[in-house]
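Only one structure is covered here, and it is reproduced in the block below.
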Amino acid sequence: MKNVILGSLLWMLAMLASGQTSAQGTLLLRQPALSAEHLAFVYAGDLWVAGRDGNTPRRLTSHAAEENTPIFSPDGSKIAYAASYDDNTDVYVISVDGGQPQRLTWHPAADVPLGWTLDGSAVALVSNRETDQGRSGQLYHAALAGGLPQ
């Protein structure tokens, strides 16, 4: 039995060393999100969008900071995500067509999107802000129209 296990391990190592694995494409795609028409994902720290079938990928962001946690709006036209552009993690929204991201939060605590309101007018987020009971994760929503998260 010991020889069978050792032989299997040696065979797997040889396959990996020779590059003969069945994986195709890159293994660096992370945090996929789906809408009715699109697939969003993080690749090499940037936010990308493609057709739902994975064809025609396009980079939406290109920044030294890392973007993460993409979440589609209910109608699929926008993506909320977290990014640390100013050495602090805040919530941003960008169109699936690209363009300038809209910043929704400015608090010094990390803000991370969790979802959207049903009408797509605000992004639900979690933030580790100071409360009367100390620092703990709290739920907020930040309106696209502006104003402080509530």
With residue 69 itself left out, Lys, Arg at +1 and Asp, Glu at -1 over residues whose Cβ is under 12 Å from its Cβ give -3
Quick one: in region 27-143, what % of C-alpha pairs are over 24 Å apart? 23 percent
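Throughout, read-outs are computed from the coordinates displayed, never taken from laboratory work. The model shown is predicted, which means the values in this text are computed figures rather than measured ones. Ideal geometry is used to build each Cβ from the backbone, glycine not excepted, and the neighbour counts take in all protein chains shown.
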